[in-house]
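Some notes on the structure that comes next.
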Amino acid sequence: MAATRAERVQLARLLGEADALLLVSNAEQARAFLELTGVSVAPSAAVSVPTALTAQRRMQAVKEPEPVDGLALDGHRRVVRWKDREMPLTRLEHDFLRCLVAEPGRVWTYQRLHHAVWGNEHLGHGSHIHSVVKRLRQKLASLGATVTIHAVRGVGFHLLPTP
């Protein structure tokens, strides 16, 4: 499956001689189209995206990343801890921060973050991502944490020590 629009356009160019070509964003769209045309899709051949995401989240909840400069996440209670202080997090905030804490210093692209946190491809201008980042920065600052989320313009975000 071609993940990005550019990949789908390239695939269409490569298959230009084909009699028919159907471009879909995900397996669920392909399954729905096939069912509309009367083609039966065997349940064993299909992977349920929500089930896969649920399993992935269950695994994430089992093992939280190691603390970074004293910043720790508690996935069961969905809180971030800095020294002896805690702050509650929403699911999106927790999953977003978990990505950054798991690989401190590494730049997470918008697309990679969107896939890990929202479970689908990054489309649009990303204001929802910036909203989560803004709330997390405020929460980290209110805890007095010496790390914060830095933006890499046009690329994504990473967790670095506060300057």
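The values are calculated or read from the model by the stated rules, or taken from the named source; none is laboratory data. On a predicted model such as this, the values are computed, not experimentally measured, just so you know. We place every Cβ from the backbone using ideal geometry, glycine too, and count neighbours over all the protein chains shown. Surface areas here come from the heavy atoms of the whole protein model, side chains and all, with no ligands, DNA or RNA. Shrake-Rupley method; radii C 1.70, N 1.55, O 1.52, S 1.80 Å.
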Every residue from region 80-112 that is farther than 16 Å from G70 by Cα and aliphatic (A, V, I, L, M): L89, L92, V107
Among the residues of region 95-139, what is the count of those that are open to solvent by 60 Å² or more (accessible area, probe 1.4 Å), basic (K, R) and either in contact with an Asp or Glu (Cβ under 7 Å, 6 or more places away or on another chain) or farther than 23 Å from E28 by Cα (or both)? 4
Enumerate the pairs (first residue in region 151-163 and assigned to a strand (DSSP E or B); second residue anywhere and open to solvent by 30 Å² or more (accessible area, probe 1.4 Å) and aromatic (F, W, Y)) with beta-carbon separation below 6 Å, excluding pairs fewer than 6 apart on the same chain, so at least 6 apart or on different chains. G156/Y110
Of (1) more than 17 Å from the chain's Cα centre (by Cα); (2) among the polar types (S, T, N, Q); (3) not in a strand (DSSP E or B), T148 satisfies every one except (3)
Considering each residue of region 147-160, count those that are surrounded by 13 or more Cβ atoms within 10 Å (Cβ to Cβ) and either touching a helix residue (DSSP H, G or I) at 6+ places or on another chain (Cβ under 7 Å) or among the β-branched types (V, I, T) (or both), and give that number. 7
Go through region 20-121 and tell me which strands (runs of 3 or more DSSP E), entirely inside it, have 1 or more residues that are within 26 Å of F157 (Cα to Cα), modelled with pLDDT of 70 or more and within 18 Å of the chain's Cα centre (by Cα). 71-74
